[in-house]
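Step one of this worksheet: look at the structure below.
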Amino acid sequence: MDFAKLKTMLDARQPGHTLPQGFYLDPEIFEFDLTAIFGRSWIMAGFEAELPKPTSYLSFLIGRSPVLILRDRAGVLRAFHNICRHRGAQICPVGRGRVPRLMCPYHGWTYELDGRLIHSTRMQDDFDPSQHGLRPAHLETIAGTIYVCLADDPPPFAPFREHVQPLLAPHGLHEAKVVAETTLVEKANWKLVMENARECYHCAGR
């Protein structure tokens, strides 16, 4: 990444105006976004209401990384990289559902809902299943919302929680239920979508 170019573009930004064009169209900046933002930041991943019962799962992408959130048999929320430790196949398809265990569709490696590898066939005698569980991801919740961070060493979550908790708590999202779902696929850079959603010309509605 050419950080000098990036700084020049940031310095040219006018408050209250759209970002310079390169932030939406430059492939190099997009790759930097995937690494520096989606790969290292806390990302809102869903709602606890989407995983209402033990064995519920939610599968999705953060950037290009397949991620899996599930509620284990004890009701504990867990997050994992949705990738089999054998050949890297994606375990659960994108979407929601319930599973008694996690089984890779490629060679049948099977994992318990706490991420432990519990079944693998025709491995050598010195193979240690305890060293081949699913890779965990960091997970936190605030008032019914779920956040995931893929970084090995995530940034502190407490300051964000302190700011957001009072804003979300009055809405009772931890008691919400999913009654309908709609999927929108926007053919645009993610920053443009976020900016459009936050544009206060749309706040009043019609």
* Asked: Condition test on Gly133, is it of a type outside the set (D, E, K, R) and touching a residue at least 40 places away in the same chain (Cβ under 8 Å)?
  -> yes
* **Those residues of segment 62-78 which are in contact with a Leu (Cβ under 9 Å, 6 or more places away or on another chain), part of a strand (DSSP E or B) and not charged (D, E, K, R), in sequence order** => Ile62, Ser65, Val67, Leu68, Ile69, Leu70, Leu77
* Structure fact -> Subset of segment 188-204, residues in a loop (DSSP other than H, G, I, E, B) and at pLDDT below 90, comes to Glu199, Cys203, Ala204
* Asked: Is there a residue being surrounded by 16 or more Cβ atoms within 10 Å (Cβ to Cβ), of a type in the set (Lys, Arg) and either more than 21 Å from Leu58 (Cα to Cα) or in contact with a helix residue (DSSP H, G or I) (Cβ under 9 Å, 6 or more places away or on another chain) (or both) anywhere in segment 183-196?
  -> yes
* Name the residues in segment 13-33 that are more than 21 Å from Arg198 (Cα to Cα) and surrounded by 10 or more Cβ atoms within 10 Å (Cβ to Cβ), would you? -> Asp26, Glu28, Ile29, Glu31, Phe32
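The values are calculated or read from the model by the stated rules, or taken from the named source; none is laboratory data. Keep in mind that this is a model prediction, so the values were computed, not measured. Using ideal geometry, Cβ is built from the backbone for each residue, glycine included, and neighbour counts are taken over all protein chains shown.
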